[in-house]
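Shown next, in structure tokens, is the structure this report addresses.
Each value in this text was obtained by applying a stated rule to the coordinates, not by laboratory testing. Just so it is clear, the model here is predicted, and its values are computed rather than measured. Neighbour counts run over all protein chains shown; Cβ positions are idealised from the backbone, glycine included.
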Amino acid sequence: MSEFKKKEAMEFVSPFMWAIGILVAIVVSVISIIIQEYYNQWWFLGWGPMAAVNTGAVISLFLMIAFGSILGMVKNKRVFGFFTILLSIIFMTASIGNQFYRFATVAGGLMHDLYKDVLGPVMPDYMFPKDLTVQNYLLTGGVSVPWDAWTVPILYWIIWSIIWSIYTIAIGLVVRQLWVKIEKLTFPTVRILTDTIEYAVTNGRWGIFSKKNTLFWIGWVIGFFIIGGHIWIQQFFPAFPSITPGAGGFNSYELISVLGRILPGGCWVFGLHPGLIAVAFLIPLDVTFSAVFFFVVKTIIDMVQVAMGQLPYDITWSGLTIMDQYGFIQTSSFRWYYVWGGAVMALGVMPLIIHRDYIIDTIRLAFKKKAKSLSEEGEPFSYTVVYTLLAIGFFGWLALLLIGQVPLYAALIWVITFGLLNLGWIRVMADCGYQQLDVMRMGANVVYSIYNGPEVVGKTGTYVLFNDIMLTSEFGHYSDIGPASLQLSKVGESTGLHQRDAYLAIILSAIIGNVIGWPLTVYLFNTFGQARLGGGTQFWWFAFIDNILGTSPMVQNGTDWWLHTDPIQSWYLPALLGVALVVILSIARIIWPTFPLNPIGLFVGGTYHMNWVWFPLVIGCIMKFIVLKIGGTSLYEKRAVPLIIGFIVGYFVTSLASVLILIAMGG
């Protein structure tokens, strides 16, 4: 590292820049909520292809760099890193995933004809207003917010969200040195942000427009005009062939779907998702290969079970329904859902067992003792502060459960299970950037299966259930900033931003996003009503609660809906299988470094959307293999990566053009 970079890495953000950052965070929080909730354009600011990076952060970064280049103000990578971190967290915490989906689910439960009579008497008053008139305002709108009825619930949601954020951030801080400095995990999708900054700052006065960035701009033009252009052209010409963007702003060109007529029980969707192919090109080959391998194995097992009559099958089922049936609902006693959950927890814990001396050193440093081989130099906080934050998050969430009359043993299981799932999720994000962790609800299933029986009736069982709903409802996991925090610390490191500033920006953004997002969401509902928000249908409210309460395996029927039906043996054997597979694969890679199967692929290959993304992963994997075979890392790094990153950035910016057109047309 050069002397300049050493000096740059030790510099902090100035107080003036912090003031600007706080102001920007407040303004962007408002804009994010309005665009995502009022205009229903959540994919514009949400997570991009394969949920790898935050679309809104990429768009904002590109616009900052573009205008800065034109004005000759592109000088300091640290400033771009700072604002990228701020905006990434804002787009997560002031978002449709954090506020709208959780809000709609809780509201739907209290207002749904099937559940309101059960939920009304037992729902804690501090979680939602009980006044039927106040509830009805959410549907009709056109009224001033009755803040006296909403103050306590809003404060509860804000406190709940901030405590959860502190807990998950602290988990990432504990393992940061291990995974960033010792194991040197690649964080492949972070390159979309860091390389874009690098191109702007290091390639001359015109920054991003420098001639040295020709390949980046070729990719950008392809992504913006050729592939993404139809998104906004179709707004003016509705008859234009419908090739619409999927969630996260990437397009799906379906070639052919074989959903069972040829291979009963198979879930094979052959589609070209250009954004996914580009992201797959950045991911390590062993991860993509392993993900596809385990997806194929799991699908073959499903088809064999269908052929043997062990699994139900309907020829009219879509690929998504098949994934639901055989992964999550699955009527057989063995559920893949728990295999993936066990695998995720093992992915986080296994490295800590292998590097157990590291954990011992962090604890010794926390108590101001001398460590064997670890230092706090260059770290954002001392380990005393890190473990204090972890304790605040752990015991804070535990306290919220105990206030809701949850027995101590159940609350402990709850908090520990979600902590382990989050630890594994951080590992997955570091290795491949995959953000959609559908197994988070496994934590609830584990609690319900143990914490079952007459004692769950009443406020206790309802409180546990609704904490689960608030944590995991639909896209709620997109607002879990623990995994993202480690990725963004890597952004800070790559741009010369002091790690303390990086983490202070993360924590501050989480607080600002929640403090602004929750009351603004309540304001929008009372002002415009359900007819304007969330697509204008009650699906957004009631379908979520139906999915969680009415059709999920954790419920029975009638008034016993809160009782979990899975006995303990239904989840622990598949979960142990997931743990065992990760252990075996990890040991195999230690003994044989070239062993092709990465344990990360075991989880990614079983995720909810793998039936859509497996084919793009194959294409991206093959493209990367060919490039490396022909020109090695030199061709890959110097030629292919700039082209691919330009393509992804141009692809994302297309989302901005689409949204602006929709807003201008009154969409």
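Considering only 347, 383, 363, whose Cα is most displaced toward the positive end of the charge dipole of segment 344-396, charges sitting on Cβ of Lys, Arg (+1) and Asp, Glu (-1)? The residue sitting most towards the positive pole is 363.
Cβ-Cβ distance of residue 73 and residue 22, R₀ of 25 Å, FRET efficiency by 1/(1 + (r/R0)^6): the value works out to about 0.75.
Highest mean packing first, where packing is the average number of other Cβ atoms within 10 Å per residue, the peptides 497-503, 23-29, 584-590, 187-193 line up as 187-193, 497-503, 23-29, 584-590. With R₀ fixed at 51 Å, the C-beta to C-beta distance from residue 12 to residue 523 puts the FRET efficiency at about 0.90. Each peptide in 482-495, 618-631 was scored by the mean count of other Cβ atoms within 10 Å over its residues; highest first, the order is 482-495, 618-631. Taking packing as the residue-averaged number of other Cβ atoms within 10 angstrom, the listed peptides 519-528, 286-295, 13-22 run from highest to lowest as 286-295, 519-528, 13-22.
Residue separation times 0.36 nm, minus the C-alpha to C-alpha distance between residue 143 and residue 211: what's the value? Mind showing how you got there, number by number?
Working: separation 68, 0.36 × 68 = 24.48 nm, distance 5.55 nm.
Working it through step by step, the gained length comes to 18.9 nm.
Each of residue 300 and residue 352 was given a label point 7 Å from its Cα along the Cα-to-Cβ line. The distance between the two points is 3.5 nm.
Greater than 22 Å separation of Cα atoms is the criterion. Which listed pairs, 181/638; 212/638; 181/372, meet it? From 181/638; 212/638; 181/372, over 22 Å: 181/638.
Extension gain for the segment residue 368 to residue 587, taken as residue separation times 0.36 nm less the Cα-Cα distance, is 75.5 nm to one decimal.
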